[in-house]
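Let me begin by handing over the structure; questions about it come next.
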Amino acid sequence: MRVLVFDVETVAAEEELSYRDFSYLKGREPQKTDRELLDELSLNPFLSSVVALAFVLEEEKPLLTVLYLTDREEEAGEGALRYMGKDYPARFYPFHFKELWGDDFYQAEKELIKRFWAVLELASPRLVSFNGKRFDVPFLRIRSFRYDLPVPQPFENGEHLDVLEFLFKGKNFSHSSYSLDFVARHFGLKSPKQRVDGSAVRRLFLEGKYEEVAKYCALDALTLYELYKKLERLVDDREPPTENQLRYLTDLFTKLPTEEADLEWRLARKLTKSSASTLIELLKQLVYNT
């Protein structure tokens, strides 16, 4: 199974915040100070942008890809990023803008998201995130909708493992208070926050240190990838089906319509692209004993 581990960095257009929007946000959470509201703007997908997105796509070997915004004319490049004593092959894709918060800035963000969607459409992987179901996924969806970009089926309906959710599954912990840095350190992994942390991303971006933001995002993705590898066996150690379930499934297969055209029509009405891929992989394993 292909696995894609991803992380995003976002920056708020604080300078572009209207009084009307600020008043609305203040009315929603009057207990917060003005500074607290402004500090949280980067979490708001209506008022912030994706400035870097890093992902590790694992097929035979993991490959790190980093997409990032920059106001400098740069070419895509290849290299390596070292983490936990290992060198990860990496590809870097800059998306150029000329004016901060100008039309071309948002066009660059749109192109960055489109590139990520193209990878997902092609790979149809298991997605792995950290608190992604609560932040990364809705953020990317809303930014896509802003640009009238269709969100690919693997992102909407494919398999998605939120590592934080997995760790606290069935427990009443407030997992929103645990950062990737904190959790990773307690699994013996090196902190990606030694030189930079999330609170500094906006400052670095506004200072034009785009590569530093991109590297920070990439190290987060590598940290999450290594955390996932530590948990992978537990994730995939699923409870097998019962004898009754197997018997019922076998019986259902024997009752499928025999007319090929009729079967195709029924499947087309019931399956999505993602669920069809999952079913194909299952049947291939059963038919070819792979």
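If I ask for residues that are in contact with a Phe, Trp or Tyr (Cβ under 9 Å, 6 or more places away or on another chain), closer than 15 Å to E73 by Cα and not acidic (D, E), which ones from segment 86-99 would you list?
The initial filter retains those residues of segment 86-99 that are in contact with a Phe, Trp or Tyr (Cβ under 9 Å, 6 or more places away or on another chain), namely 88, 92-95, 97-99.
So of that shortlist, the ones also closer than 15 Å to E73 by Cα come out as 92-95, 97-99.
Matches in segment 86-99: F92, Y93, P94, F95, F97, K98.
Name the residue, out of E14, E9, that is acidic (D, E) and crowded, with 21+ Cβ neighbours inside 10 Å. First the steps, then the outcome.
Working: E14 fails: crowded, with 21+ Cβ neighbours inside 10 Å.
Among E14, E9, only E9 is acidic (D, E) and crowded, with 21+ Cβ neighbours inside 10 Å.
I've got another one for you. Tally time: how many residues in segment 34-89 are within 20 Å of the chain's Cα centre (by Cα), hydroxyl-bearing (S, T, Y) and closer than 30 Å to R146 by Cα?
The number of residues fulfilling the criteria is 5.
Still on this structure, I have one more. Is one or more of the residues making up segment 62-70 of a type in the set (S, T, N, Q), on the phi > 0 side of the Ramachandran plot and not in a helix (DSSP H, G or I)?
Here is the first cut: in segment 62-70, the ones of a type in the set (S, T, N, Q) are 65, 70.
Still in the list and also on the phi > 0 side of the Ramachandran plot: none.
So far as segment 62-70 goes, no, none of its residues is of a type in the set (S, T, N, Q), on the phi > 0 side of the Ramachandran plot and not in a helix (DSSP H, G or I).
Give me a count of the residues in segment 99-134 that are in a loop (DSSP other than H, G, I, E, B) and either within 10 Å of the chain's Cα centre (by Cα) or within 21 Å of E232 (Cα to Cα) (or both). Talk me through it step by step, then tell me what you get.
The first filter runs over segment 99-134 and keeps only residues in a loop (DSSP other than H, G, I, E, B), leaving 99-102, 124-125, 130-134.
From what's left, either within 10 Å of the chain's Cα centre (by Cα) or within 21 Å of E232 (Cα to Cα) (or both): 124-125, 130-133.
Matching residues across segment 99-134 total 6.
Inside segment 64-87, can you point out the residues that are at pLDDT below 95 and either surrounded by 14 or more Cβ atoms within 10 Å (Cβ to Cβ) or polar (S, T, N, Q) (or both)?
E74, L81, Y83
Can you name the residue in segment 238-290 that is in a helix (DSSP H, G or I) and in contact with a helix residue (DSSP H, G or I) (Cβ under 6 Å, 6 or more places away or on another chain) and is also modelled with the lowest pLDDT among such residues?
Only one residue fits best here, namely S274.
The values are calculated or read from the model by the stated rules, or taken from the named source; none is laboratory data. Quantities reported herein were computed from a predicted structural model and do not represent experimental measurements. All Cβ positions, even for glycine, are placed from backbone atoms using ideal geometry, and neighbour counts span all protein chains on display.
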